[in-house]
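What follows is a set of notes on a single structure, which appears directly below.
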Amino acid sequence: MDLNNLALFRMVDKQRSYLSERQKVLATNVANANTPNYLPKDIEKPDFSYELEQVSEKKLELAKTNPNHLDFPYQKPSNSEFRVYTPKPQNPLSLDGNGVVIEDQLNEISKNKGDYNRMVTIYTSFRDMLKTANTKITS
């Protein structure tokens with residue numbers, strides 16, 4: 001059984017990719033804490049609406065109540081990359097123009113780690129549940 005055929009596991013994989021990329025961005029922010037004119041960056045959260053709306057790999061078909069209705073199947077967004085952006089600084093910049101506040105970045109890294117651990121726990125729980133349901137009972 002390919003777990004990627006299940007919507008839950010596709011969402012978990014997308015969340016894993018997002019959290020991994022975000023960890024890289026946050027680590028770059030910490031590494032550039034003393035770089036003049038460097039502003040911290042962040043990454044946009046992914047949109048899980050496609051996975052939530054899909055039951056299978058087939059396109060979502062709309063019910064037509066009239067033959068004159070147009071057919072608009074839902075399309076998966078083509079851009080699956082995450083967008084890195086520079087948020088507006090919340091704190092004053094240092095004298096050299098650097099906007100990185102180490103404490104804030106470390107807090108974000110800690111939250112990101114907690115989200116990653118939560119995602120791994122969910123993945124493991126559902127995988128183990130599927131394994132249990134898939135075993136043959138022999139008596």
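The values are calculated or read from the model by the stated rules, or taken from the named source; none is laboratory data. Remember, predicted model here, so these are calculated numbers, not experimental data. So basically every Cβ, Gly included, is an ideal-geometry build from the backbone, and we count neighbours across all protein chains shown. Each accessible area value is taken on the protein alone, full model and side chains, heavy atoms only, with ligands, DNA and RNA left out. Shrake-Rupley method; radii C 1.70, N 1.55, O 1.52, S 1.80 Å.
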message: For Met129, Met11, Met119, give me the order by solvent-accessible area with a 1.4 Å probe, most accessible first, ignoring ligands, DNA and RNA.
response: Met129, Met11, Met119
- line: With all protein chains present and a 1.4 Å probe, the order of Leu95, Leu6 from largest accessible area down is Leu95, Leu6
query: Lys24 versus Asn37, label points 7 Å from Cα toward the beta carbon: distance in nm?
result: 2.5
Computed accessible area, Ile43, all protein chains, 1.4 angstrom probe, square angstrom: 10
